[in-house]
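One structure is given here, and the rest of the page talks about it.
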Amino acid sequence: MMLNLSVAGMLEKSQLSSDGVWLLLVEVTIPNAEEPLRLVRNNEDIHWNGYTWSAFNFKLGEITEDNKGRPQSVPLQISNITQTVQAYVEEYNGLTGATVILRVVHSQHLDTALPELEEVFNIQSTTCDSKWVTFYLGCDLSIQVRFPFRRVLKNFCSWRDHYKGIECGYAGSMPECDGTLQSCRIRGNSARYGGEPSIPEGGLYA
Amino acid sequence: MPQFPNIQQPVYPLTTKIKDPSLQSEMENGMVISRARFTRVPQTFVLKWTALPAEDYAVLRDFYRTKVLGGSLAFDWQYPTVANDPYSGKLFSVRFTGGNISFELSSPGRYAGTLTLQEV
């Protein structure tokens, strides 16, 4: 979920100097466990949203692309010196498929429940060595999310399949709609028409 | 938590190194943007002995080799007594850092060497 920076976050971001810290939090869900792993990349624990986030050494790798420009999985390396995380990895099939949520919060605004940034991933694969547990996170990235979320057509209503639904909003007694602007006008509902007549012929690529 | 052995105090100067937690970036126009990277500022203490009695060195050596296994385990260490210093006598949780330690028999029955302690 891509969030907008809060006003406080924007002010902090714009400062030339600041003693506040942008903290990266990682939450790893553990199957069949009541509590997820809650870690913060910091040198002391923090309290945020009613939970203690344990100081831990982890780092997020670079997002690389393959030869077709598609983003590859993102490596998340978590320190394995104490083998705390590896124990979970061994017990739960490499934690493959588990959800990992990355969040960014600011140390001076820990009373704010909403993080400044939040991204949700799934673990695609896992490797371990004596120093690092590496989770390869699925690219459920904001840059891959389709936007706008629907295909907008010139002469066809996107809400036709959800006739009388929330977006359509028509509450009259007329039967099925064919999705044209004319049908919408007949129903007196053209203000909520789900097509976009202003799109030029041949379509428009954004 | 283990306690640092009660041996002869280190000699002057006792060096304290304070890690800079900031990130800095110089912009093209010369301005520098800076912020903190972590919320805590850990310290490192460098202890030096020039004439540590052999029996004290033996205690320290056993502590390093068998009690805390080098830098593996954290232990409590008491800051030396320093007048007008809030740190005076304060207990710090530390571990050995800086890799291998080296002590040499510098004079009959006396050892010289340096230890580095890192705040946990």
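Where a number appears in this text, it was derived from the coordinates with a stated rule and is not lab data. Every value quoted in this text rests on a predicted model; they were computed, and no experiment measured them. With ideal geometry, Cβ positions are generated from the backbone for all residues, glycine too; neighbour counts draw on all protein chains shown.
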For A:Lys154, the lysines lying under 28 Å Cα to Cα, once residues fewer than eight places off in the same chain are dropped, come out as A:Lys164
Listing A:Asp66, B:Asp62 by rising number of other beta-carbon atoms within 10 angstrom, fewest first, gives A:Asp66, B:Asp62
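If you add up the charges near A:Asn155, with Lys and Arg at +1 and Asp and Glu at -1, over every other residue whose beta carbon is less than 12 angstrom from its beta carbon, what do you get?
Working: positive: A:Lys154, A:Arg160; negative: A:Asp178, A:Glu196, A:Glu201.
Once positives and negatives cancel, what remains is -1.
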Listed by chain and number, the aspartates and glutamates with an alpha carbon less than 12 angstrom from that of A:Lys13, same-chain partners under 8 positions apart left out, are A:Glu116
Where a ≥ b ≥ c are root eigenvalues of the Cα gyration tensor, a/c under 1.5 meaning rounded, otherwise prolate if a/b exceeds b/c and oblate otherwise, the range A:1-125 counts as oblate
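Could you check what % of the DSSP bridge pairs in the protein assembly as shown are antiparallel, to the nearest 5? Before the final figure, lay out each step's value.
Working: 64 of 70 bridges.
Approximately 90 percent, going by the DSSP bridge assignments.
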Using alpha carbon centers only, the range A:153-206 is separated from the range B:54-71 by a whole-angstrom value of 81
Within 10 Å of the Cβ of an average residue in A:13-20, the count of other chain Cβ atoms is 4
In whole angstrom, the spacing between the Cα centers of the range A:66-124 and the range A:1-58 equals 12
Computed for the range A:1-103: size of charge dipole around the Cα centre, +1 on C-beta of each Lys and Arg, -1 on C-beta of each Asp and Glu, debye to nearest 20, value 340
Taking N as the number of residues in the range A:44-111, the ratio of its alpha carbon radius of gyration to 2.2 N^0.38 Å works out to 1.39
Exposure-ranked with fewest Cβ neighbours within 10 Å first, A:Tyr193, A:Tyr163 stand as A:Tyr163, A:Tyr193
Going from the fewest other Cβ atoms within 10 Å to the most, one would list A:Thr29, B:Thr97 as B:Thr97, A:Thr29
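Which whole number in µm²/s is D for chain B by Stokes-Einstein, with the Kirkwood Rh taken over Cα pairs at 4 °C and 1.567 mPa s? Could the numbers behind the result be given before it?
Working: Rh = 16.2 Å.
Value of D from the Cα-based Kirkwood radius: 80 µm²/s.
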Semi-axes in Å, largest first, for the protein assembly as shown (Cα gyration tensor, √(5λ)) are 61, 23, 18
Partner shielding of B:39-50, as the mean number of partner chain Cβ atoms within 10 Å, equals 2
